[in-house]
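Every read-out reported here was derived from the displayed coordinates using simple, explicitly stated rules and does not represent laboratory data. No experiment lies behind these values; they were computed from the predicted model shown. Cβ sites come from the backbone with ideal geometry, for glycine too, and all protein chains shown count toward neighbours.
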Amino acid sequence: MKKIYFLILTLIFFLFLCACGDQPTKANNKPVIKESQKTSETVEKKEKTSSAPKIKMTAELKRGKKMFILCKACHSVEKGEAHKTGPNLHQVFGSKAASKIGFNYSDALKSSDIVWDETHLRSWLSKPMDYIPGTSMAFIGIKDKKDQTALINYLKEITK
Ligand code: HEC
């Protein structure tokens with residue numbers, strides 16, 4: 001009988017050893033899983049960087065982009081793009097009003113002495129027909145000051 005007890009004890013001892021032996025393997029596995037997660041994260045980051053737009057979109061620029069929907073129908077902004085109902089606005093900041101070649105401006109805008117900057121744009125965009133009576137820009141205007149700022153900052157980026 002003693003032999004049987006001894007056998008059972010040895011068996012338990014070996015089982016115990018096996019269980020201990022397993023643990024390091026599991027522990028080794030864990031970092032491997034983490035590594036692969038890290039790799040997929042890095043891949044995601046890389047993808048984000050490569051597909052990132054040229055403009056770094058802050059909350060304000062996003063707001064400006066939404067506002068620009070109001071202008072898009074009449075204005076292009078890319079260099080060399082055709083005029084629409086309104087002139088192409090590429091590099092409008094710092095340019096003299098009514099100076100884009102190939103666009104038929106109103107006499108009112110042509111005879112204004114404006115060089116487009118933030119202040120003029122703000123007044124223009126709040127009510128074009130009041131700021132330059134006789135303009136052919138049929139746009140009701142933007143009243144909200146924050147909307148104006150957001151749009152002007154967005155315009156700065158896209159018309160560079
Ligand atoms: C319905 C069409 C229309 C919409 C909408 C419109 N515009 Fe215009 N825009 C014009 C026209 C037409 C002119 C030329 C005005 C003139 O000759 O008197 C003009 C002129 C301008 C100018 C002066 C450009 C220059 O070369 O001097 C700026 C700046 C401008 N628009 C910005 C905007 C912005 C920003 C918006 C959106 C909030 C907007 N416009 C919405 C039609 C439009």
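Screening region 110-158 for residues that are among the aromatic types (Phe, Trp, Tyr) and touching a residue at least 40 places away in the same chain (Cβ under 8 Å) and picking the one that is nearest to PHE68 (Cα to Cα) gives TYR154.
Scanning region 124-160 for residues that are within 9 Å of the ligand (Cβ to nearest atom), over 29 Å from the mean Cα position of the chain (by Cα), surrounded by 16 or more Cβ atoms within 10 Å (Cβ to Cβ) and not aliphatic (A, V, I, L, M) gives a single hit, THR135.
The numbered conditions (1) on the phi < 0 side of the Ramachandran plot; (2) within 6 Å of the ligand (Cβ to nearest atom); (3) over 25 Å from the mean Cα position of the chain (by Cα) are all true for ILE101 except (2).
Which members of region 51-91 meet the condition of being at negative phi, loosely packed, with under 12 Cβ neighbours inside 10 Å, more than 8 Å from the ligand (Cβ to nearest atom) and part of a loop (DSSP other than H, G, I, E, B)? Hits for region 51-91 are SER51, ALA52, PRO53, LYS54, LYS56, GLU78, LYS79, ALA82.
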